[in-house]
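Contents: one structure, followed by commentary.
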Amino acid sequence: MSRARLAALALAALLPCLGMQAPPTAPAPIANADAPLPVRGINALGGRIFHVPQGLAFESIAPFLKPGDEVLLLKGVHAPFTLTDLRGERGKPIIIHGELGEEPARYPLIKAAAFGIRLVRPQHVIVRDLMVANGVGPLVMVEGEPNADPGAAPWEANVKLFGLRLMQNMPSPEQCGLLLRGVSRVDASNMSIRGWNLAAVAVERSQQCSVQQVVLEVANGLPQAIGMQVGQGCRQIAFGMLTFGPRVGTAFRIGACEGAPPDAPRCAEVLVSRCSVPEAKCFLSLGAAEKVRIEWNTVTDPTRCLWRAEPECGPPLEIQFDHNLFAWMPGGIELLCEVPSTVPAESVQLQANLWFSAEIPAAFEEIGKPFGVQLAPQVLDVDPRMEPKDASPREPKAQGFGWRAGLNPPPAGSRPPSGASAPTPPSAPAP
């Protein structure tokens, strides 16, 4: 240690004894890396904090963001933005979020145009607490390489979308709420989607993605054609704890083949678990899909069919239904399962499920029976007596089925009916 350093330490120790204080040490400067905005502080990850007021083009700061940086969009109305090549790191994601206010304008609003928020080739990014409204394309889009070959491996994004509110009240034929294209490891959760045109969520050429805990509400005058759509070539996609409003066209379309090359692989390893779907035209439509598991869902009062196989895209293979609750009003459904004769029964496996309407079993002659190979007895004679508020069955014998099974303990002494096993936790989502 140098003599000067020793002298400084000795002086610092001596000054308090003389009733004096050492001058305060100047704070370390915050590295700004020539960013066009002042740094407002340092977060717990060691990243810089930037504030973006309304009216500022967000793209101007995006090239300067580093792993761990945090961008706070202040209250107000913001223009749509595209962020390309954001590079966070594992444990140090780049965070983009909104300043929280009071209802009804709790989140900053992104006023969409061709899109609202577009992330291109992101890595380790979190987007949360924002409202996006009224676009002609996707309100939120996460995509890999825009010009990638259709057979190319998806971009490993590691993106989390949390607490977003997506709203649409204007018609636009190709508009959707959330579009994932050519990416892997994207998780969307705790969101609300109110109003859409083509699809609330569309997944294309992507892998290992999940959409969970989303509330979907319809808007008057819009088609709301499809809830969740998964295209051909996707793998390991999970949907869980989705709550639909009434009058959606098709709640889940899996294996959509439009625009896919002839040699595109089937959509595979898809999970639909613990969802509530009332009054949809069709709960599930299956195209070029295999290894699809449909479990612990509550589907009430469909108007066209419970599920169908698309002859132009199929046939589906290795489909399994397990512990679902299906209930409909007499005369309210056209067909139970709309399946072409080209689909073999062994391609669909039926574990224990509850099917109820006051019109069965007589109506089976007209609407058809549950399609598939029964691996466990189907429950056909238990009226679930549905609770309108949360679509839960009041009948104890029905409480082992549907989206709430196992979440609330059944009354003491109740047991599942013959052929129905006790509730178990749902299958794990795709990683």
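Listing for the model above:
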{"quantity": "Helix-only CD estimate at 222 nm, as mean residue ellipticity for the chain, using -39500 (n - 2.57) per DSSP H run (n ≥ 4)", "calculated": "-1000 deg cm²/dmol"}
{"quantity": "The chain, relative contact order in percent, only Cα pairs under 8 angstrom and at least six apart counted", "calculated": "7 percent"}
{"quantity": "Too-long pairs where the Cα-Cα distance tops 30 Å, listed order kept, from 291/369; 75/281; 111/160", "calculated": "75/281"}
{"quantity": "Environment charge of residue 284, counting only residues whose C-beta is closer than 10 Å and scoring Lys/Arg +1, Asp/Glu -1", "calculated": "+2"}
{"quantity": "GNM result for the chain, Cα springs below 10 Å: residue of 171, 396, 361 fluctuating most strongly", "calculated": "361"}
{"quantity": "Protection proxy ranking, peptides 319-326, 93-100, average beta carbon neighbours within 10 Å, highest first", "calculated": "319-326, 93-100"}
{"quantity": "Residues of type aspartates and glutamates that residue 66 reaches as a straight line, Cα spacing below 19 Å, ignoring anything fewer than 8 places off in the same chain", "calculated": "34, 85, 89, 156"}
{"quantity": "Inter-probe distance in nm under a simple model that places probes 7 Å from Cα toward Cβ, at residue 113 and residue 407", "calculated": "4.1 nm"}
{"quantity": "Assigned charges on the beta-carbon of Lys, Arg, Asp, Glu; the chain dipole about Cα centre (debye)", "calculated": "1660 debye"}
{"quantity": "DSSP beta bridges in the chain [antiparallel fraction, %, rounded to 5]", "calculated": "5 percent"}
{"quantity": "Exposure proxy order (Cβ contacts within 10 Å, fewest to most) of 380, 119", "calculated": "380, 119"}
{"quantity": "Relative contact order of the stretch 258-364, defined on C-alpha pairs under 8 angstrom at six or more residues apart (%)", "calculated": "24 percent"}
{"quantity": "Globularity index of the chain, i.e. its alpha-carbon radius of gyration over 2.2 N^0.38 Å", "calculated": "1.21"}
{"quantity": "Folded to 0 to 90 degrees: helix 3-14 orientation relative to the chain principal axis, Cα", "calculated": "80 degrees"}
{"quantity": "Neighbour-count order for 84, 243, fewest beta carbons within 10 angstrom listed first", "calculated": "84, 243"}
{"quantity": "Radius 13 Å from Cβ of residue 164, net charge of other residues (Lys, Arg +1; Asp, Glu -1)", "calculated": "+3"}
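Only the coordinates and a few stated rules stand behind these numbers; no lab work does. Note that the structure is a prediction, hence the values are computed from the model and not measured. Glycine also receives a Cβ, built like all others from the backbone with ideal geometry; neighbour counts cover every protein chain displayed.
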